[in-house]
Amino acid sequence: MTSHRRRAKFRPLRLLSSCLVLTLAAALHAQSSALPDATDTTAPSPTDGPLQQSHDFSRPKLISNDTILRMHTAGLGDDVLVQTITLQPGHYDVNPDDLIELKKQGLSDKVLEAMQQHNSGSSGFATHPVPTASTKLTAQAAGLDEIGVYYKGKTGEWIPLHTERVLFKQGGAVKSILTHNIVKQDMNGHLEGQKSSLVLPTGVEILIYAPAGTFAEEYQFLRFIEKSTWREFRVETGGVFHSETGSDRNQVEFHPVRIGPQLYTFTVPVDIIKGEYGVLPPGSSNVKGIEGSGKIFTFSIVE
């Protein structure tokens, strides 16, 4: 009897404990169901939602050849272009072909030189340019060991132009006396032989390796007058009455581009008239009133 009463007394406590256990288990199950399954591919991820644009301000945009050309086309002057090149981060393609193209599009030597100096690290702005085939050509890099004029061979090497002796003679003495020196004597260049021994195609690239302190503009690109057994050209005008028959008749327009210290290149036009040509370096023979001999670099265009 007493044992039955004791079991009856503790039965509600057992029922209450069972209910608490069941309630706790249900709560834990509900909490675990609310957490996303690690294998559930539909669970939201931190990258869901609209993409956020990334702004990397640690690397400024480099100015390039195209930037400078756009500024030039917009009418900005050389001083502005040079200041931009000097003070702004940038990298410029300044190998010989690039410089020739930039010159054709109107950039001045002052701007081109600033671009070269920037790439060489001598500008005021610290930069680390991407290496190119040639950022600044030197005579040693070009394989040149002597001042002179060269042409580019088929394999890209620089080959010396043919060198000839030229005699300078004054002409027009009678005209000068009769006109009381209004029509002055001419300085004519005379070369033996009808043809140069070197034949080059049109469009060939010419390189001038100038002495220190000398500029390519001091050279003259000349088309010779062909005679039966010699060639000649005029390097001075005949005076005010005969300026149309002076040196302008023999000079060929050319636009040398500086590609390195003492180095300049220009291209023989593809539409140039076939004939005999020469590149006359500056010297005492070009000074008015001086008669003597010198050298000239010659070649023929036959096509």
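Exactly one residue out of I273, I208 is under 30 Å from D98 (Cβ atoms) and modelled with pLDDT of 95 or more, and it is I208. Where helices (runs of 4 or more DSSP H) sit wholly within region 61-119, those with at least 1 residues that are over 20 Å from R258 (Cβ atoms) and modelled with pLDDT of 90 or more occupy 65-73. When the criteria are applied in full, K184 fails the requirement of being at pLDDT 70 or above and not acidic (D, E). Within region 211-247, if we keep just the residues that are of a type in the set (D, E, K, R) and assigned to a loop (DSSP other than H, G, I, E, B), the residue that is modelled with the lowest pLDDT turns out to be E236.
The values are calculated or read from the model by the stated rules, or taken from the named source; none is laboratory data. Remember, it's a predicted structure, so these values are computed and weren't measured experimentally. Because the Cβ atoms are built from the backbone with ideal geometry, glycine has one as well, and the counts that use them run over all protein chains shown.
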